[in-house]
């Protein structure tokens, strides 16, 4: 069974890039444009992993993660911050909000693979491209 990853980002291009990379790793991908839009999906079809942008209108990614960590249903759901901020800043923010890690934009396939292997055991490497 393919692992399901929810990509939450207000930028359509960022979502598309991450979704393509995730599909290369054999993941099923769901996409949402804001943290506010994920509540029903989390309740009805919980993903195996959430990749969430930090800077989004309405509710920021780090604020949403704090809310998720306060809800017993989602305390153990792996959630990762994604941002163009520096690694040092993202590392601090991830620790502060309870994220399971972070990815810096532009997301490097090797960094995504390491994260997937850590959070989704059994993930396979992408097919080599010609």
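Coordinate-derived values only; no laboratory data. In this text the structure is predicted, and so the values were computed from the model without any measurement. Please note: Cβ atoms are built from the backbone with ideal geometry, for glycine as well, and neighbour counts cover all protein chains shown.
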Out of all DSSP beta bridges with both ends in the chain, state the antiparallel percent to the nearest 5. 0
Based solely on its DSSP helices, what 222 nm [θ] is calculated for the chain when runs of n ≥ 4 H residues each add -39,500 (n - 2.57) and the sum is averaged over all residues, nearest 500 deg cm²/dmol? -11500 deg cm²/dmol
Point-to-point label distance, residue 39-residue 55, nm (Cα→Cβ direction, 7 Å offset): 2.7
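Counting other beta carbons within 10 Å of each Cβ, put 102, 74 in order, fewest first.
Exposure proxy ranking, most exposed first: 74, 102.
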Counted neighbours (other Cβ, 10 Å), sorted fewest up, put 1, 52 in the order 1, 52
Taking 7 Å along the Cα-to-C-beta vector as the label spot, tell me the residue 89-residue 30 distance in nanometres, rounded to one decimal. 3.1
Below 8 Å, C-alpha to C-alpha, sequence gap of six or more: please give me the relative contact order for the chain in percent. 23
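Using 0.36 nm per residue of separation minus the Cα-Cα distance, give me the extension gain between residue 1 and residue 104 in nm, one decimal. All intermediate terms of the calculation are to be shown ahead of the outcome.
On the way: separation 103, 0.36 × 103 = 37.08 nm, distance 2.80 nm.
In short, 34.3 nm is gained.
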When all alpha-carbon pairs of the chain are counted, what percent fall beyond 18 Å? 48
Using Cβ counts within 10 Å as a stand-in for footprinting exposure, how do 2, 105, 64 rank, fewest first? 2, 105, 64
